[in-house]
Each structure stands twice: as C-alpha cells, then as structure tokens.
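Working notes for the structure below.
The values are calculated or read from the model by the stated rules, or taken from the named source; none is laboratory data. The model shown is predicted, which means the values in this text are computed figures rather than measured ones. A quick note on method: Cβ atoms are made from the backbone with ideal geometry, for glycine too, and the neighbour counts reach across all protein chains shown.
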Amino acid sequence: MKKIRIEKDSMGELDVPVNAYWGAQTQRAINNFPVSGLSMPEPFVHALLLVKASAAQTNMQLKELAPDIGQAIEQACAELLRDPKLMEHFPVDVFQTGSGTSSNMNANEVIAHLASKLSGIEVHPNDHVNYGQSSNDIIPTCIHVSAALALHHELLPALTHLLTIIEQKASQLTGYCKTGRTHLMDAMPVRMDQSLLGWGAQLSQQIHHLKAIQPSIQSLVLGGTAVGTGVNAHPDFAPAFNLALSKVTGLDFTKADNFFAGMSAQDTAVTLSGQTKSVAVTFMKIANDLRWMNSGPLAGLGEISLPALQPGSSIMPGKVNPVIPESVAMVAAQVIGNDAAITIGGQSGNFELNVMLPMIAHNLLSSIQILSNASRLLADKAIHDFTINEDKITQALHKNPILVTALNPIIGYAKAAEIAKQAYQEKRAVLDVAEQHTDIPRAELERLLDPIKLTNGGN
C-alpha cells in the first residue's frame with residue numbers, strides 16, 4: 001500500500017502521498033482530472049516559478065510579506081528551478097479547470113511545502129505564496145511569460161539558424177540551373193540559389209512578424225487579481241513585479257495597458273499561435289520542395305540527393321527516404337492543428353475570464369517547441385548537406401520546350417507554341433527545332449535560349 005498523509009483544505013480532509021510536495025487542492029485536481037496523462041509543460045511550470053519568486057520579491061519590497069517568508073519562497077522557487085527531478089511534483093492534467101486554478105494551487109502548495117521545509121517557518125500557499133495574486137491573473141501571465149521566453153530563446157534563434165544555413169547553401173549553388181515548375185509542370189528555368197533564397201525570404205518575413213509580436217507577448221496582467229480590478233494587490237505591485245521579472249529573465253516585461261482585456265481574452269496568444277501556423281506553412285512548402293526535388297532517384301525528379309540517414313524500408317533493401325522533410329511536414333500539420341484548438345480557446349472568454357487557459361498554454365508552447373526542433377533538423381540534416389545531381393537537371397533543362405518562351409517577342413506566341421509542341425513530341429532540344437523553323441541564326445538562338453541568361457530575365 002502507498003504511504004499517505006492527511007491534508008486538509010476548505011472542503012475537508014484528503015489522502016495525499018506521503019512524499020508528495022503538493023497538498024489537498026492539487027490532490028483534488030489529480031483525482032478530478034484523469035484525462036490525458038499530459039501535465040502542464042515544463043516551460044510553463046518554470047515560468048510559474050519565476051513569476052512566484054518575482055511576486056514574493058515584490059511583496060517584500062512593498063512590505064506586504066515578511067522578509068523571512070518572502071526569502072523562503074524565493075529559495076524554494078530557486079530549488080525547484082534548479083532540480084529537474086522536482087518537476088514530478090507538478091502532475092496536474094492539462095485538461096483541468098479552465099482558469100488553471102489547479103495548476104496555480106499546485107505551485108502554491110509545492111512552493112509553500114518546500115519553503116517551510118527549507119526555512120523551518122510556516123509558509124502558507126494562499127496567504128503567502130499567492131499573496132496579492134489570483135489564478136485569474138497568474139495563469140494568463142504565465143502563458144505570456146513562458147511563450148515569450150520560448151520565442152526569444154528557442155524559436156527565433158532556431159529560425160535564424162535555418163535562414164543562415166539556407167543562405168550559405170544558396171551561395172554554393174549559384175552555378176546550377178534547373179527547370180522551373182508551375183502547377184508541377186515544366187516552366188522557365190531558375191537557378192538553385194534563386195529557389196533557396198525564395199525559402200529564405202519566406203523565413204525572413206516570418207522572423208520579422210514574430211519579433212513584432214514580442215512586445216505584446218511581454219505585456220502582463222499580473223496585478224489584476226480576480227477580475228481585473230486589482231483587489232487585494234498593492235497599487236504599486238504590477239510595475240514593481242514587471243521590473244523584478246525583467247531583471248531575472250533579461251526580457252523587458254511590462255504592465256498590460258488593460259487588465260480586463262488581458263484576462264478575459266487571449267488575443268495575443270491567438271495572434272502568436274497564428275504566426276506559428278504561418279511558420280508551419282512555410283516549413284511545409286520547404287519540406288515538400290525538398291521531397292519533390294529528391295524524388296526518385298530514377299523514376300522521380302532526382303534533382304538533388306538528401307543525406308541518407310536511415311534505411312527507408314523494412315522490406316525493400318537499399319531504399320532511402322526523405323525522413324527529415326517528412327518529419328518537418330508532420331510538425332507543420334500538428335502546429336496547424338494546435339492553432340485550430342487555440343483559436344477555439346481564444347473564443348472562450350466569458351465576461352471577465354477566459355476558461356481554456358491550460359489548453360492554450362500547452363498547445364502554444366508545444367507549437368513553439370516542435371517548430372524550434374524541426375527548424376534545426378531541417379537546417380542541419382537536410383539542407384546543409386544535400387547534393388545536386390547535375391546530369392539530371394542539365395538533361396531535363398535543355399530538353400525543356402518551355403525555353404521557347406524567350407522567342408515570343410521575336411516570332412510570336414503561336415509560332416513559339418508550334419515549336420514547343422514539336423520539340424516535346426519528338427523529344428528534341430528546343431534549340432534544334434527552333435533552328436529548323438525560324439530564320440534566327442543558331443548562335444543567336446543559343447544566346448536567346450541560354451538558361452542561365454533566362455534566370456536573369458534574359459539579360
């Protein structure tokens with residue numbers, strides 16, 4: 001039998017595992033919400049601990065908490081942040097009460113237990129750890145803080161790394177020209193570096209948009225307490241708290257302009273999620289381009305060869321698949337799904353509080369994490385080391401009848417179409433057919449139909 005102790009809250013007594021740092025309210029949540037087995041993400045818990053420590057420091061500064069109690073809370077938070085094994089004391093399921101009260105009380109109880117243990121004085125979860133706070137402003141604050149930290153430390157650096165690798169790879173591929181494709185059909189030629197720099201421009205735009213969101217996601221509602229009026233919080237709490245949190249994180253956190261909007265709605269989280277979805281769409285484009293260019297090697301396009309990372313089949317020896325682009329495409333699909341759930345969550349602001357906060361936190365942090373990881377995989381295990389199959393792209397390029405487009409201004413669209421159709425039907429180079437059916441000297445045709453020149457607009 002499990003060893004237990006008896007804990008008590010306003011609703012009565014409850015059995016709690018003897019070694020658990022949590023108390024009765026956390027245990028009620030464990031009992032009430034055996035839904036997914038998914039606890040709140042570690043980055044969210046870390047943000048919660050940073051917020052609790054900064055709140056304690058602020059309340060000491062404002063003389064709302066005795067120094068010994070405030071310091072004990074700070075010490076407990078530091079210990080919880082230092083030792084990853086202690087994350088086991090934050091077991092509450094994501095799919096809990098929509099305000100995230102269970103997670104807030106989980107943190108309050110764990111911090112109070114450890115603070116009391118380390119200091120030898122009694123630290124109360126509500127009266128001390130939660131002083132001047134409410135779940136209703138703590139959880140929205142922690143969504144912003146955790147997302148801001150993940151965006152700053154994980155996603156933006158990962159996207160910047162991917163962009164750097166793409167630009168470096170493009171600089172190595174300026175001499176390679178291939179058949180362009182629209183509607184998956186042969187089109188005018190493009191250089192390999194032009195294709196990659198197209199991806200790079202997409203990523204640059206995504207990075208720009210994400211950076212533009214940073215001030216909004218770093219705007220916090222802590223100080224609004226229960227409904228946004230700030231009841232039970234010191235009037236100077238919010239600005240002092242943001243200053244304390246900014247010092248410890250290195251990010252510039254600020255007091256929200258309007259607590260009511262920040263607590264009753266999750267518009268900024270929805271906006272950031274929408275931007276992660278946009279990044280996912282960019283990733284899907286890059287992943288699919290790589291898959292198509294790598295297809296074959298004999299019966300597909302075979303323009304590039306991605307690094308061979310693992311056997312591709314349990315039955316077909318020698319088969320190698322584009323596993324990194326496939327992984328990235330699945331990440332993109334998941335992020336798009338996460339965004340759909342967050343969008344619905346954002347609609348669940350009723351009067352003074354949104355009631356899908358834990359799910360929003362979980363999905364938003366998940367999207368940021370998997371995009372960050374996928375970004376580095378795409379850079380380092382796909383784009384950095386793929387090779388060009390020059391013979392394959394050159395062979396297809398010079399047989400491409402669409403090159404005749406360059407002759408439109410000289411011989412007209414209709415005549416050019418006839419030449420293109422004949423070149424395709426006879427599987428001949430368009431240069432040879434054009435020489436046969438026009439008065440243009442071959443040397444001039446070679447100049448006009450030079451694929452590299454055509455990638456510069458024909459100049």
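Restricting attention to the range 10-52, the residues being more than 39 Å from the chain's Cα centre (by Cα) and within 20 Å of residue 135 (Cα to Cα) number 2. State whether the residues of the range 58-71 include one that is assigned to a helix (DSSP H, G or I) and in contact with a Gly (Cβ under 7 Å, 6 or more places away or on another chain). There is at least one residue in the range 58-71 that is assigned to a helix (DSSP H, G or I) and in contact with a Gly (Cβ under 7 Å, 6 or more places away or on another chain). Scanning the range 176-205 for residues that are part of a helix (DSSP H, G or I), farther than 23 Å from residue 156 by Cα and either not aliphatic (A, V, I, L, M) or not assigned by TED's automatic domain parsing to the domain that holds residue 375 (or both) yields 193, 194. Just one of the numbered conditions (1) out of contact with any strand residue (DSSP E or B) (no Cβ under 7 Å at 6 or more places or on another chain); (2) surrounded by 18 or more Cβ atoms within 10 Å (Cβ to Cβ) is not true of residue 144: (1). Considering every residue within the range 370-383, establish whether at least one is among the small types (Gly, Ala, Ser), in a helix (DSSP H, G or I) and closer than 24 Å to residue 261 by Cα. Checking the range 370-383: not a single residue is among the small types (Gly, Ala, Ser), in a helix (DSSP H, G or I) and closer than 24 Å to residue 261 by Cα. Among residues of the range 404-435 being polar (S, T, N, Q) and more than 14 Å from residue 186 (Cα to Cα), the one that is surrounded by the fewest Cβ atoms within 10 Å (Cβ to Cβ) is 425. Within the range 106-117, the presence of at least one residue that is under 18 Å from residue 134 (Cα atoms), polar (S, T, N, Q) and at pLDDT 95 or above is confirmed.
Hey, among the residues in the range 436-459 that are over 48 Å from the mean Cα position of the chain (by Cα) and of a type in the set (A, V, I, L, M), which one's surrounded by the fewest Cβ atoms within 10 Å (Cβ to Cβ)? Of everything passing the filter in the range 436-459, 443 is surrounded by the fewest Cβ atoms within 10 Å (Cβ to Cβ).
Hey, among the residues in the range 307-329 that are under 16 Å from residue 375 (Cβ atoms) and in contact (Cβ under 8 Å) with a residue 40 or more places away in the chain, which one's surrounded by the fewest Cβ atoms within 10 Å (Cβ to Cβ)? The residue in question is 327.
In the set (1) crowded, with 22+ Cβ neighbours inside 10 Å; (2) assigned to a loop (DSSP other than H, G, I, E, B), the condition left unmet by residue 98 is number (1).
Residues in the range 209-229 that are among the hydroxyl-bearing types (Ser, Thr, Tyr), in a loop (DSSP other than H, G, I, E, B) and surrounded by fewer than 20 Cβ atoms within 10 Å (Cβ to Cβ): 229 only.
Which members of the range 335-369 meet the condition of being free of Cβ contacts under 8 Å to residues at least 40 places away in the same chain and of a type in the set (A, V, I, L, M, F, W, C)? Listed by number, the residues that qualify are 340, 341, 344. I'm trying to understand the selection: among the residues of the range 4-21, which are under 20 Å from residue 127 (Cα atoms) and either part of a strand (DSSP E or B) or touching a Ser or Thr at 6+ places or on another chain (Cβ under 6 Å) (or both)? Hits for the range 4-21 are 7, 8, 9, 12, 13.
Within the range 53-66, at least one residue is in contact with a helix residue (DSSP H, G or I) (Cβ under 8 Å, 6 or more places away or on another chain), touching a residue at least 40 places away in the same chain (Cβ under 8 Å) and under 26 Å from residue 356 (Cβ atoms).
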